[in-house]
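Structure record follows, encoded as structure tokens.
The values are calculated or read from the model by the stated rules, or taken from the named source; none is laboratory data. None of the values given here were measured: they were computed from a predicted structure. So basically every Cβ, Gly included, is an ideal-geometry build from the backbone, and we count neighbours across all protein chains shown. To get the accessible areas, we keep the full protein, side chains included, count just its heavy atoms, and leave off ligands, DNA and RNA. Shrake-Rupley method; radii C 1.70, N 1.55, O 1.52, S 1.80 Å.
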Amino acid sequence: MKKKNRINIYDVAEAVGVSISTVSRALNDDPRISPKTKAKVRAAAMKLGFQKNALATSLSTNQTKVIGVIVPQLNREFLSSLVHNIEETAFEKGYSVIVCQTNNSYEREKTYMDTLIASRVAGIVATLSLETESFEHFRKAKEQGVKLVLVDRVTNALKDTTKIVIDDYRGAFEGTQHLIDQGYTKIAYVSGPTKQLMYADRLRGFQQAMTEAGLPVKQEWIKYSSNLSFEEGTRIADELLMPEERPNAIFTANNLTAISTIAYAEKLGIKVPEQLGVIGFSEEPFSAFMKPSVTSIRQPSKAMGQLAVQKLIEEINSDQNGSYIHQKVVLDTELICRESTQLRKSG
């Protein structure tokens, strides 16, 4: 028995009695094709078993129904949740997703950007690596018609770019105020690299809350980390807790360093929260189950992922005359109070 050749666009056009250009436009939901014709074409394509060739579509339209996602790491709860919600939202809207993990390397970020451009993705959602200080690779993508949305770690250097962020300043301010309300007065702060806007804003929020409360901001109690890893949290905790004069609370710019701070404090025999309050920014899934459980600033990863895709697709589908209005969307954080800062018992 002779094997049947693969069904192609010509077979669909013949079955419906229209041109191949009409079939192509109908399958790509072109507004120039009537709903009635689109329905006929899709029905015929389904009956014949025709499937669009994504590569051929990309060559003809200079674009695929694919979104690239560039993130620093996937082994952090916030980022893995962010990517999950980006992918779910994209799939619902008919887009596939390619995920690239930079491991906070600027060079890998540039390489992945070139790869995504070459793959003719329709748009890119990106979170900057900690090493990123130059943004020419993002400008290159935009110049070649690739739409871009930045999420979480963003920069003011890229104009005409939609950004989805949290209010890092307000989140840090409220976290610091919580420590003060609990009765902690000697508070240290562990920051990420302040060349990143989000860490600069978090540090400002901490400093402002301390100043408004009339508490001293001791420069020797402000520590900086290039990667905010578990090991870095332990190293900085040693610097803060070993001297005779030490803080009675530590606010860390991510949750992993808060966890390592608690572990190291207990190794030294320092009781949390009685002798040391600890709060971290962002959430890890085990924060609620540790003993003591860790007070955290929760970021709205679901809303950020959904909005990033929605705004990106809006721009992809907008007129190509440069009239699209880019936005900076700022979302609120949530303070999750747990045992690690419970100096004053509620009730």
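Odds and ends about this structure:
- Measuring between alpha carbons in the structure, the pairs from Lys163/Lys302; Lys38/Lys302; Lys159/Lys218; Lys223/Lys328 lying more than 24 angstrom apart are Lys38/Lys302; Lys159/Lys218; Lys223/Lys328.
- Once the Cα atoms are used to define both axes, helix 255-267 deviates from the longest principal axis of the chain by about 30 degrees.
- Angle between the chain longest axis and helix 106-118 axis [Cα atoms, degrees, rounded to 10]: 20
- Selection from Gln299, Ser19, Gly94 lying farthest towards where the dipole of the chain points positive, charges on Cβ: Ser19
- Comparing mean-square fluctuations of Lys140, Lys38, Lys291 from a GNM of the chain with C-alpha springs under 10 Å, the top value falls on Lys38.
- Rounded to the nearest Hz, the phi-derived 3J(HN,Hα) couplings of region 167-172 under the Karplus curve 6.51 cos²θ - 1.76 cosθ + 1.60 (θ = phi - 60°) are 7, 4, 4, 5, x, 5, where x marks glycine and proline.
- Take every DSSP beta bridge whose two residues both sit in the chain; close to 10 percent of them are antiparallel.
- Estimated at 0.36 nm per residue, the fully extended path between Lys140 and Gln207 surpasses their Cα-Cα distance by 20.4 nm.
- Check: region 14-158 dipole with +1 on Lys, Arg Cβ and -1 on Asp, Glu Cβ, in debye: 860
- Here the accessible area is traced with a 1.4 Å probe on the protein chains. For the chain, carbon and sulfur cover 49 percent of it.
- The charge dipole of the chain, taken about its Cα centre with unit charges on the Cβ of Lys, Arg, Asp and Glu (plus for the first two, minus for the last two), comes to roughly 1800 debye.
- Cβ charges +1 (Lys, Arg) and -1 (Asp, Glu), total dipole of region 181-308, debye: 240
- Distances between placed amide hydrogens fall under 5 Å for Ile98 paired with Ile67, Gly68, Val69, all partners being 5 or more residues away or on another chain.
- Region 153-222 and region 81-143: distance between their alpha carbon centers, rounded to Å: 27
- Simple rule: put +1 on each Lys or Arg Cβ and -1 on each Asp or Glu Cβ in the chain, find the dipole, and look at Ser119, Leu343, Trp221; the Cα lying farthest toward the positive end is Ser119.
- Within a Gaussian network of the chain (alpha carbon springs, distance under 10 Å), most fluctuating of Ala15, Ala126, Ala200: Ala15
- Amide H contacts for Val278 (H built 1.01 Å from N in the peptide plane; partners 5 or more residues away or on another chain; cut-off under 5 Å): Ile250, Thr341.
- Ordering Asn104, Gly145, Leu130 by Cα displacement along the dipole of region 83-152 toward the positive end leaves Gly145 in first place; charges were set at the Cβ atoms of Lys, Arg (+1) and Asp, Glu (-1).
- Hull shadow area, averaged, the chain [alpha-carbon convex hull, nm²]: 23.4
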